[in-house]
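To start, the structure under review is shown below, and the notes come after it.
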Amino acid sequence: MASPAHPTALRTEHDDQDHPLRLGDVRRVVSLVPSLTEAVATTAPGLLVGATDWCTHPADLDVVRIGGTKNPDTGRIASLAPDLVLANEEENRVSDLDALRAAGIQVWVTEVRTLDQALRSLDRMLTLACGLPRPLWLDQAQAAWQDVRGDGARVRAVVPIWRRPWMVLGRDTFAGDLLARLGVHQLFADHAERYPAIPLPELLAAGSEAVVLPDEPYRFTATDGPEAFPGLPSALVSGRHLTWYGPSLVTAPALLAAQLRPAVASVRGASVPGTAPGPSRG
């Protein structure tokens with residue numbers, strides 16, 4: 001068999017955990033993380049061939065579904081013959097990623113604990129791993145957040161992410177970093193665990209001034225969550241905009257600031273200083 005006239009030169013790139021990947025042209029991608037799915041689909045429609053059952057954006061995404069983030073069907077992923085699988089050290093299990101690597105599949109693992117880290121990670125994933133030009137939406141996201149700052153006294157809040165049992169944001173989380181920029185200090189930011197399980201009586205005794213209730217991973221609503229924190233103003237916020245790192249970052253600061261404002265203002269007795277960003281630049 002004749003060799004291709006212009007064979008693709010293999011290159012070595014390192015993911016966020018410094019794992020080396022041998023990559024050529026990346027034309028088929030499977031994503032195991034909803035926010036990464038949205039990032040790739042928005043940047044290069046048609047590149048994705050597979051995604052998890054939880055990948056809900058873009059709304060018209062039409063790819064093979066390969067199970068959940070914690071229980072992907074590795075055999076089905078392999079059958080799609082991807083050039084690259086995108087994963088995250090928090091969302092996905094090491095055993096699944098090792099199984100994919102053992103099958104000869106290149107796996108790029110992201111690591112995201114802060115907004116700045118997210119912006120760097122997305123740039124590297126899209127440009128180095130996928131071989132795409134840096135997308136305009138990434139510049140727009142950076143611009144949207146650059147003037148957002150939580151100056152002055154921050155409102156002390158608990159931020160549950162689950163109930164039965166109650167679990168809250170702890171140390172070193174992307175969502176906690178966004179909230180800090182928006183003027184909210186989450187009370188368990190110094191906890192030894194990133195997502196500790198805290199009994200409700202301890203949450204109520206923690207000295208919180210407000211409670212922030214996202215609608216994912218647990219779907220807190222006006223009738224499911226606030227009643228557990230009587231006397232505390234509650235803010236129901238978009239879990240996608242609080243926890244996803246991708247194109248949603250463009251609109252996240254304005255949306256989250258608006259959703260937080262009534263609860264924070266009731267604590268401060270005034271408008272929320274330093275949290276409402278300027279007009280969108282994109």
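Just a few scattered comments:
- Trypsin sites (Lys or Arg not before Pro) lying in DSSP loop within region 24-90, provided at most 12 other Cβ fall within 10 Å: LYS70
- The ASP73 and GLU216 beta-carbon pair, evaluated with R₀ = 25 Å, returns a calculated FRET efficiency of approximately 0.65.
- In terms of accessible area, using a 1.4 Å probe and ignoring ligands and nucleic acids, MET125, MET167 rank largest first as MET167, MET125.
- Sorting the segments 44-52, 129-137 by their mean number of nearby beta carbons within 10 angstrom, highest to lowest, gives 44-52, 129-137.
- The orientation-averaged projected area of the convex hull spanned by the Cα atoms of region 45-159 comes to 9.2 nm².
- Probe 1.4 Å, protein heavy atoms only - accessible area per residue of region 115-154 in square angstrom: 47 Å²
- Pairwise Cα inverse-distance average, inverted: Kirkwood Rh of region 121-268 (Å): 16.0 Å
- ARG156 paired with HIS14, simple spin-label distance in nm, labels 7 Å along Cα-to-beta-carbon: 4.2 nm
- Taking all protein chains together and a 1.4 Å probe, the residues LEU100, LEU232, LEU119 rank LEU232, LEU119, LEU100 from largest to smallest accessible area.
- The charge dipole of region 81-161, taken about its Cα centre with unit charges on the Cβ atoms of Lys, Arg (+1), Asp and Glu (-1) only, comes to about 200 debye.
- Sorting GLU38, GLU209 by accessible area puts them as GLU209, GLU38; the probe is 1.4 Å, largest comes first, and only protein heavy atoms count.
- Spatially, region 63-110 and region 123-147 are offset by 23 Å when compared through their Cα centroids.
- When the chain is reduced to its Cα atoms, the Kirkwood hydrodynamic radius in Å: 20.0 Å
- The sum of -39500 (n - 2.57) across all DSSP H runs of n ≥ 4, divided by the residue count of the chain, sets its helix-only mean residue ellipticity at 222 nm to -8000 deg cm²/dmol.
The values are calculated or read from the model by the stated rules, or taken from the named source; none is laboratory data. Computed from a prediction, not measured in an experiment: that's the story for all the values here. Cβ: placed from backbone, ideal geometry, glycine included. Neighbour counts: every protein chain shown. Areas reflect the complete protein model, heavy atoms only, side chains present, ligands, DNA and RNA absent. Shrake-Rupley method; radii C 1.70, N 1.55, O 1.52, S 1.80 Å.
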